[in-house]
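S.K.: Take this structure first; my questions come after.
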């Protein structure tokens, strides 16, 4: 859950930064764009956070011989 939150914060910040640097939109556009980016990237966020959690805290090891 903590990893998922951190990935979401990174997505929020990246989306905000792109909008701020290139478009300078209104507040409603910020909220809508960031919410849509979070919804669209939810499968990526869930999958990535689960994999990282298992590797860091679950005892799984990466085996490069496969």
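S.K.: Relative to the longest principal axis of the chain, what angle (0 to 90°, nearest 10) does the C-alpha long axis of helix 42-57 take?
M.R.: In the chain, helix 42-57 runs at an angle near 40 degrees to the longest axis.
S.K.: With r as the distance between the Cβ atoms of residue 18 and residue 55 and R0 = 35 Å, compute the FRET efficiency 1/(1 + (r/R0)^6) and round to 0.05.
M.R.: Details: r = 29 Å, r/R0 = 0.83.
For R0 = 35 Å, the calculated efficiency reads 0.75.
S.K.: What FRET efficiency comes out for the pair residue 27/residue 62, r = Cβ-Cβ distance, R0 = 30 Å, nearest 0.05? Show your work: numbers first, answer last.
M.R.: On the way: r = 43 Å, r/R0 = 1.44.
Approximately 0.10, to the nearest 0.05.
S.K.: To test your reading of the geometry: what angle, between 0 and 90 degrees and rounded to tens, separates the Cα axis of helix 2-22 from the longest principal axis of the chain?
M.R.: 30 degrees
S.K.: Can you tell me the Rg and Dmax of segment 2-57, counting just the alpha carbons, in angstroms?
M.R.: 13.0, 41
S.K.: Given only helices, namely DSSP H runs of n ≥ 4 each adding -39500 (n - 2.57), what is the per-residue ellipticity at 222 nm of the chain, to the nearest 500 deg cm²/dmol?
M.R.: Values: 3 runs with 51 residues, N = 66.
-26000 deg cm²/dmol, from helical runs alone.
S.K.: Specify the angular offset, from 0 to 90 degrees and rounded to the nearest 10, of the alpha carbon long axis of helix 27-40 from the longest principal axis of the alpha carbons in the chain.
M.R.: 30 degrees
S.K.: Right, next: For the residues 47, 61, what sequence is obtained by ranking on other C-beta atoms within 10 Å, fewest first? Intermediate results must be reported in sequence, preceding the final value.
M.R.: Values: 47 10, 61 6.
Lowest to highest Cβ neighbour count: 61, 47.
Each reported figure results from applying straightforward, stated rules to the coordinates on display, with no laboratory input. Source: prediction; values computed, not measured. Quick reminder, even Gly has a Cβ in these numbers, built from the backbone with ideal geometry, and neighbours come from all protein chains shown.
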